[in-house]
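Trainee: Dropping the structure in here first, questions after.
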């Protein structure tokens, strides 16, 4: 495809938008939370403990309730997940991550909607995935071409 002046301008505008997002308070907060979480030994211990148990969990899942350690692993994975999620640095990071994801979803919706209301923009969020242009999931019963 030939590079036209219009295409180059669109790419430059997209780069400018990306730069604005990278310089936003949300990204700054995300980076600070990530740094604090990665540099807290207790948070890292909880994350590593959960990751190791998750590997065992995946092995147990292959055999289901017939695996000899099924009950113990199922109990421990929930326990470790809860412990990890309740860690203040992990919780703070997840909130910052969700805030940033919400911004990126909103930008994607605006860009897609500016082109056409029928543009499908996968956001991964049921809040945004409604209506005809976002994959209503009704199998076309609403009249869209899902």
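The numbers here are math on the coordinates, done by the rules we state, and not lab data. Source: prediction; values computed, not measured.
Trainee: Work out, step by step, the length gained on full extension between residue 94 and residue 17: first 0.36 nm times the residue separation, then minus their alpha carbon distance; give nm to one decimal.
Mentor: Once the chain is fully extended between residue 94 and residue 17, it gains 25.3 nm.
Trainee: Placing one identical point scatterer on every Cα of region 37-129 and ignoring solvent, what is log10 I(q)/I(0) from the Debye formula at q = 0.18, 0.19 Å⁻¹?
Mentor: Debye curve over Cα of region 37-129, log10 I(q)/I(0) at q = 0.18, 0.19 Å⁻¹: -0.85, -0.87.
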